[in-house]
Structures are given as structure tokens and as C-alpha cells.
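The values are calculated or read from the model by the stated rules, or taken from the named source; none is laboratory data. Computed from a predicted structure; not experimentally measured. Here the Cβ is made from the backbone with ideal geometry for all residues, glycine too, and neighbour counts use every protein chain on show. Note: areas computed on protein heavy atoms with side chains; ligands, DNA, RNA excluded. Shrake-Rupley method; radii C 1.70, N 1.55, O 1.52, S 1.80 Å.
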Amino acid sequence: MIKDNASEVLKVQGLTATVDNREILCGIDLSVRAGEVHAIMGPNGSGKSTFAKVLVGHPAYEVTGGMVRFDDADLLELSPEDRARRGVFLGFQYPVEVPGVTNGGFLRLAYNTVQSARGKEELDPLEFDDFIREKMELLEMDPGFLERSLNAGFSGGEKKRNEILQMALLEPRLSILDETDSGLDIDALRIVANGVNQLHTSEDAIVLVTHYQRLLNYIEPDYVHVMENGRIIKTGDKGLALQLEDRGYDWVAQEYRERAA
Amino acid sequence: MSTVESNPVESDFLASLLAPAAQTAEGHDLWLKARRASALERASALSVPTTRDEDWRFTDLSMLYRLKLKAADAGGQVDSAILTTLMFPEATTRLVFVDGHFDRSASSIAQEEKVRVGNLEQALRDSAWRSTLGEVESRLATVARVEHDVFAAANTAFLREAAIVHVAAGAQLGDTPIQVINVATGHATGSNPRVLVVAGQGSGCTVIEDYVAVGGSAYFTNSVCEIAIGPDAEVHHIKLQREADTAFHIANTTVLMQDNSRYRNWSVGVGGRISRHNLHVVQDGTGIDCDMHGLAMISGRQLADTHSSVDHALPYGASRQVHKTIAGGSAHAVFNGKILVREGAQQTNSSQQSRNLLLSQRAKVDTKPQLEIFADDVKCAHGATVGQIAADEVFYLKSRGLSETAARNLLTYAFAKEVVEHIPVASVIAVLENHILEQTRTKEA
């Protein structure tokens, strides 16, 4: 929801980044305020996922210019773990499989680490068990998930649910969900989207990175941005997503080039 | 061992290693005296190994050979509070040896009719042991390969004090382990710990063979463990090597198994400047089953070498082995795993996995499976991998708030867990978990 007096959660200005000396982000500007849902759309290779990963400090990318403010902090100065502790969350497009680390044990460690960094109460294993089961119900997950190795052998849909479960636990101020809809069948999509909607409040913001309009039927964006060649080239409301679904991306790029010329 | 003429440092070392054996107290037991004498003769005829020996080519003992050995008539002092922290609470029976000498007051022996646990020297004079001494005599220094191994022979040349565990036929100890704890205080610089486990027909027991240090200087532990498992019996054997990082630890374990018996081994080594574990399992019967879980976790300039062999002599045997190493700093891990399937050992089912994790650029591992198969109807699988902690896994964990160190610790523990998690003594698992997490915290952070 858009509120005029809402605080600015994320401010990105002129952000540029490279991977292997190749420029992938070529000057991104974006402002996200509390309570808002932003969708970032665009064709393959436009830099959407890179943008998401740069925001959480992925070591494969080098930031070469611009600035990112997260609440009152200079985000780019923070380590990935500090970003997480302060409330930046990335739902991975391809969640990493970690054999040997049990899901339940990992979730408790992550939860307590973040709680302690925020000066909040940690939970012992029994308390945590009750707490996590409640969150799992929200995503219609079987408690058996807790005993399995983290993401190891999970189906695509199970991995995405597990990502949103982590979002539910860590209570982020800013959630960046990278292609959360990919690999989900229609039922799973509804469950995941419903979970995200229930977690979203006027105090946090969500950035959805997605190819398709489909997800936006379930999680309604306040703003839709189109990325191409490492830039945001058009911003609109949810109607823009429908137009994109209908007409593809080419006309947006055309319009952008004409405007630039 | 090498037939090449040894250099003076090596022969002087062997002479000083064996010198105190001549003064080993005279006993009334002629068989024991004869066994010591023949072992001394054997050890004197052999020479100590060097890297010219194929079996020792990665493990250079020249630092050990320069160590001035000092035997002690009695063990050094150990603070009882420290000793208590080394005990596993599940083990109600404990034998404590300090610098190779039995410490009766620190030991705790629950008397049970069908289980005899004690120090050899007392057992020989104790009427309660009389009915079991025959079996002790037939197994002691006959299970181990004294003939061809200079270190096992040297240990046997001193044979006077030894941990003896005798479980009578049919006796089941359930989940109550027996802990044999060997403490090095630095009071002596050389000790020869010895363990004998005799499991009677259809019996079951769990033995923790534990090497710990409370002193810090360089010393040499030369241990021998013999395990004789009767028909249908099952022995769980946990060997923990948590010596000082300055120690030299050479251990020989030999397991002799009879028909339909079962042996489960967990062997975890974290200490020692140079450590070597020779683990030999002989399946001398049919339908025998053994599994072995090895873990060496080292850093700094440590070297940990495991040489194992499983001898499948008769049909329907099975063996499974997983050996893992975690090496940081400039540490060097060595594994050589031999599986021998003799001509008569049809229907043998054997698997061996060597898994290695390198935590630094300078760490090194040498691993070698060695299969010798002479039967034609068998199933034998083996594999070896060497890897590092995956950067994408570390980043994923960090993106959920874990520090770099916490993330790497968790992933290191995840790697080790397969070896540790099924150890049948919960407090041993807890100690190892802590150790693994602490070790990476302090040495790799």
C-alpha cells in the first residue's frame, strides 16, 4: 500500500556493478517506502537478479558506483550477515542445497543469531519448535521438513516454500523475492503468495523480481518497474504488468530509446 | 620394515625405546615373560620405518626419532577435577592409565559377574580372574601383529600393565560403555599403552579407548589394542585420539573376528603433531560384518595418517568403511585403505569411501584405496573425493545472518557428522561436536 508519510526503506541512486569486469548494472535508481510492494520485471539478462544479489552483498559482484541507503545505513558498507541481521532478506531464485545441515537446526541458528543481533529474545529448542510449527502451517508445510537436510533433495516448490518460511522467521524490513514463482505449480503459487501477503505489513517493504505477470495476480504491486540492460527504463502501476503480459517488452525498450534520442 | 641400514639417529632411537624393557619387572608368569622376551628380540631385529618404506612414505618420523625418550616408573600427577572432565558419564567402568601406568584410585570398576575389567598386572594375581586368565593368555600379544611391526613389538616388550576387558559368553552390556583412558602428563616422554578386549560367544560390549593430554610438551604414545570377538558377538569400539598437538601417536589396532560376529568402529583423531593409526580387521570366519567410521580433523602443521586393512578370509563377509579427513592450515592427512578378499571369501560385500575436506590452500591429503580381490563372486565398491567448503553454501548461510566463521563451522560439522552422529555414546558426540566447532573457530577464523 502507498502511504504518503511512510518512511523510505531503500534508496538506490546511480548503482553500477560488474561481474568479471563486465558491467551488468548501469545506473539504477529506485526508492522503496514502508508498506509498498514493488515488482521488477524485464527480459532475461536485463540485470534483475543481479540487482537482487547486489543488494544482499553477493561476493560475485563488484559495486563500482552509486549508493544504496537502507533505512539510515549505508547498505554497501555492511557485510552480508549484517544486512540480514538488520532486516534485508533475499528469497533465492535457486536456494542452495546444504547436505548434512538439518533444516530445523539451521532455522533455529539463523533465527537466534538474528534475534540476538536485534537485542531480542532467543528461543530454546522446545520453544522454537512450537514457534516454527505455527509458521509452517501458514505455508502448509509438513513438520517432517525440519528433520531433512537444508534444501537437499527438496523439489523446486519445497525449496521456495522453505525460503518464505525463512522470511517468516527473520521478519525482514525489506524482502527481495527473486523469481519466487518459478518452479511453482498453481496450488503452490497460491500458498506461497498467500504466505507473503500475510507476512506483509505497513512496516516492511517487498521487492518482487519476476518474469511473469502471473505472480502479480496474487501479490498486488504498488509499482512495476521494467529493467533492460542494467537500468530501470519504465515505471508504472500494476496496469503496466498487464500491458507487458499482453505486448511483451520490446515496445518499452523502443519507447525508452525514442525518449533518449 | 626397512632392510636398508638405518642411520644412527634411527638406531639410537630404537635402542632408547627398548632400553627400559630389560628392566621390566620379573613376574611369576612365564608365558608373559616369554612373550615379552620374544617381542624384545623381534623389535631389536627390526628397524624403525622411514619414508623409504612404502607404508610410511608420506609420514616422516624423523622428528620422533630425535625425541629424547624418558620412561617413568610411575605416572605424573593429574588433578582429579581435570580428570573428571575427561570422563564420559555413561561409562560407569573406567580404567585410568597415566603416562602408561595404571592409576587405581582414579579408576572405577563396577563388579559384574560376567564382565572382568582391570589392569593385567593385578589380574594375574587376583583369584577372581583365575577362570578367565586362560583366554587372556591365548589372546594377549597373539592378536596383534607383533612379528612385522617394530612399534607393536616394542610395546609388547614392555607388556606388564594393560587394560583388560573380558566379557563372558552371552553377557550383554547394553549401552553402558567401558572407558579406557590414557592420560599423558608430560612426566614421561614415552609410554606404551595396551588394551585387550575379549568378547565371548554371543556377548556384546562398547569400549571407548581414549588418549588425552594434560601436559603440553613433546612425547610419544606407542599404543596397541587387541580385540578378539567370539562367534555371534558384537563389539562397538570408539577410539578417540585427543593428544596434545606436540605429541607423536602411533597406534596399532587389530581385530580378530569369528563366525557371524559384528564389529563397529569409530576412530576419531584430532590431536598429535604426527599420528598414525594402523587398523587391521581380520574376518576369520563366515558371515562376519564390520563397519568402520574414521575422522581425522587437523590443522596447523599436524599430520594424521590412517592405514586400515580388512581381511576377508571366508565367505559371506561384509565390510563398510567411511574415512573422512578435515585438514586446515598446512596440515597433511593420509589414508590408505586396503581391502583383501581371499580366494575362499565368496559373496563378500565390501564398500569403502574416502572423503576429504581441505579448509586451506596449504592443506594436503593423500588417499589411496587398495583392493586385492582373489574371489570371483564378490561386490566391492570404493571411492575417494577431495573438496573444499562451497562458497555458495557459505554465502547462503551468511545471507540468513550467520557470520563467516559460524557458516564455515556449520558446514565443517555437516561434513563430519556422518562419522560422528551414530556413535552410541551421547556424551562422546557432544564432546566431538564442541571440539569440531571450537577447532574451526580458533584455528581457521
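Between A:E147, A:E36, A:E62, the GNM of chain A built on Cα springs shorter than 10 angstrom shows A:E147 fluctuating the most. One Cα centroid belongs to region B:62-93, the other to region B:388-403; the line between them spans 39 Å.
Here the protein assembly as shown is treated with +1 on each Lys and Arg Cβ and -1 on each Asp and Glu Cβ, and its dipole about the Cα centre works out to around 1360 debye.
Taking every DSSP bridge with both residues inside region A:170-261, close to 50 percent are antiparallel.
Distance from the C-alpha centroid of region A:165-236 to that of region B:231-256: 56 Å, rounded to the whole angstrom. Shape of chain B from the C-alpha gyration tensor: rounded (a/c under 1.5, with a ≥ b ≥ c the square roots of its eigenvalues).
Considering only A:L169, A:Q93, A:P125, and ranking their Cα positions along the charge dipole of region A:72-197 that arises from unit charges at the beta-carbon of Lys, Arg, Asp and Glu, the one farthest toward the positive end is A:Q93. With θ taken as phi - 60° and the Karplus curve 6.51 cos²θ - 1.76 cosθ + 1.60 applied, the whole-hertz 3J(HN,Hα) list for region A:111-120 is 4, 5, 4, 5, 4, 5, 5, 8, x, 10 Hz, x standing for glycine and proline. Think of chain B as having a plus end and a minus end, set by charges on the Cβ of Lys, Arg, Asp and Glu; of B:V428, B:A163, B:C290, B:V428 sits farthest toward the positive end of this dipole. Using a 1.4 Å probe and counting only protein heavy atoms, how much accessible surface gets buried when A and B come together, both sides summed, in Å² to the nearest 100? In total, this chain pair buries about 1800 Å².
Using a probe of 1.4 angstrom and keeping all protein chains present, the accessible surface of region A:8-260 works out to 43 square angstrom per residue. The C-alpha atoms of chain A define a longest principal axis, and helix A:125-138 lies at about 50 degrees to it. Distance from the C-alpha centroid of region A:1-51 to that of region B:165-216: 64 Å, rounded to the whole angstrom.
Computed log10 I(q)/I(0) for the protein assembly as shown at 0.06, 0.07 Å⁻¹: -0.47, -0.60, from the Debye equation with unit scatterers placed on every C-alpha and solvent omitted. Since only A:I206, A:T102, A:V19 are under comparison, the one whose Cα sits farthest along the positive direction of the charge dipole of chain A, derived from C-beta charges on Lys, Arg, Asp and Glu, is A:V19. Per atom type, the protein assembly as shown shows carbon and sulfur on 47% of its accessible surface, probed at 1.4 Å.
Have a look at the DSSP beta bridges in chain A and tell me what percent are antiparallel, nearest 5.
60 percent
Across chain B, Cα pairs under 8 Å and at least six residues apart give a relative contact order of 10 percent. Helices that extend 18 Å or more along their long axis by alpha-carbon positions and average at least -0.5 on the Kyte-Doolittle scale are, among the DSSP H runs of chain B, B:30-45, B:404-420, B:426-444.
Can you give the helix-only mean residue ellipticity at 222 nm for the protein assembly as shown, where every DSSP H stretch with n ≥ 4 adds -39500 (n - 2.57) and the sum goes over all residues, rounded to the nearest 500 deg cm²/dmol? Taking each H run of at least 4 residues, the total per residue is -8500 deg cm²/dmol. Peptide A:107-117 is shielded by partner chain Cβ atoms: per residue, an average of 3 of them sit within 10 Å of its Cβ.
With respect to the cross-link table entries A:K48/A:K160; B:K324/B:K417; B:K239/B:K417; B:K324/B:K368; A:K159/B:K417, which display a Cα-Cα separation exceeding 20 Å? Where the Cα-Cα span goes over 20 Å, the pairs concerned are A:K159/B:K417. Shielding of peptide B:402-409 by partners, expressed as the average count of other chain Cβ atoms within 10 Å per residue Cβ, is 3. Protein heavy-atom accessible surface, 1.4 Å probe, per residue over region B:2-126: 57 Å². The GNM of chain B, with springs linking C-alpha atoms under 10 angstrom apart, assigns the highest mean-square fluctuation among B:L30, B:L17, B:L133 to B:L30.
Counting Cβ atoms of other protein chains within 10 Å of each Cβ in A:83-94 and taking the mean gives 2.
Answer rounded, prolate or oblate for region B:54-189, using the Cα gyration tensor with square roots of eigenvalues a ≥ b ≥ c: rounded when a/c is under 1.5, else prolate when a/b is larger than b/c, else oblate. Verdict is oblate for region B:54-189.
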